[in-house]
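Below is one structure, written out as structure tokens, with a few remarks after it.
The values are calculated or read from the model by the stated rules, or taken from the named source; none is laboratory data. Fair warning: this is a prediction, and the values are worked out from it, not measured in the lab. The protein model used for the area step is the full one, side chains on, heavy atoms only, and it has no ligands, DNA or RNA in it. Shrake-Rupley method; radii C 1.70, N 1.55, O 1.52, S 1.80 Å.
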Amino acid sequence: MPDVRRLTKRLMVAAAAASTLVAAGAVTIAVTTGTASAANTCSAGYVGITFDDGPTGSTGTLLSTLRNNGIRATLFNIGQNVQGNPSAVQAEVAAGMWIGNHSWTHPHLIQESQAQIQSELSQTQNAIRSVTGTAPRLFRPPFGETNGTLKSVESSLGLTEIIWDVDSQDWNGASTSAIVAANARLTNGQIILMHDGIQNTLNAIPQIVAGLNSRNLCAGMISPTTGRAVAPDGAQPPPPTTAPGGGGSCTATMVPGTVFGDRYNTTVNVTGSNTWIVTVTITPPQKISSTWNASVSWDSTGNIMTARPNGSGNSFGFTTMFNGNSSARPRVSCRTS
Ligand code: ZN
């Protein structure tokens, strides 16, 4: 048994010494008491960490940040964003996240007819099912606005309505510290509203997780039965701790996309590795103007782009400006890291 009185006396001496030094203006010392930080046992329960409005251009960063900090979240996706970026939704599932429905176009559903509501919700169910293999069980109404018509459509689709207990106000320009503070108010079973695609929110995640750990709270799933945060049920496997399929060889295949008057899109699908490095070479005066679902860098000529995974899966794309040459097409090659 530790000698508590002796320890207390030692700490008092240390504190007195520290305060003497502070008083003298010499130095500032933080006196730390208590035990060393222990593993979070989840003894205080579970909270629901949620991010709305994805997938976005920064979903890959959100997923890697959540993974690096060891937590899982519920992502309420907008159907038309799912349709536009299916590989990001597959990456969400692969990262161990739970997927909810957040309508097709994010309208004020309480101003819409029952038929419009039905279309908004069911289209999104179908899009997510076709991408992930599973239709969501959770629905978050845009703006948290609900009424009886909406609730009846939700229940006809087997959806449980999830609002929130704490609004982080990240959509309203909240600072990183304000977002951290909002998360610190969560108690067992509660749910917080945050959003995909907001930098202050991304910046807050490490401190949010540290705060939960210090309170023995864990990030859980949201129960479709109760609408409350609970322990994960194993219906969806947790994310792998190491990325499978690393190393070895890889193949990059170009798929031509939409051609516009002044530019064209290209998708590159990579197989054989999850740690690929794809080199894309274009013919000047053509120039790549935008990219998605990869992190990219350029050589000094600007004609050779190197693309690596950014957590959005093994498919990425880019837009190339013709700049007067509408016939040339890129060349791609793949290697692994
Ligand atoms: Zn929203």
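Odds and ends about this structure:
- The chain, Cα convex hull volume normalised per residue, Å³: 209
- Projected onto their three principal axes, the Cα atoms of the stretch 220-334 cover extents of 59, 34, 23 Å, largest first.
- Considering helices alone, the calculated mean residue ellipticity of the chain at 222 nm is -9000 deg cm²/dmol, with DSSP H runs of length four and up weighted by -39500 (n - 2.57) and normalised per residue.
- Each DSSP beta bridge with both residues in the chain is either parallel or antiparallel, and the antiparallel ones are about 60%.
- Ordering Arg215, Arg137 by accessible surface, largest first, gives Arg137, Arg215; the 1.4 Å probe counts only protein heavy atoms, with every chain in place.
- GNM result for the chain, Cα springs below 10 Å: residue of Ser214, Ser315, Ser168 fluctuating most strongly: Ser214
- Stretchable slack from Asn269 to Ala210, in nm (0.36 nm times residue separation minus alpha-carbon distance): 17.5 nm
- Compactness of the stretch 139-186 as Cα Rg over 2.2 N^0.38 Å, two decimals: 1.46
- Database remark: amide H of Arg263 closer than 5 angstrom to the amide H of Phe322 (H placed geometrically; neighbours at sequence offset of 5 or more, or on other chains; Pro and chain starts carry no H).
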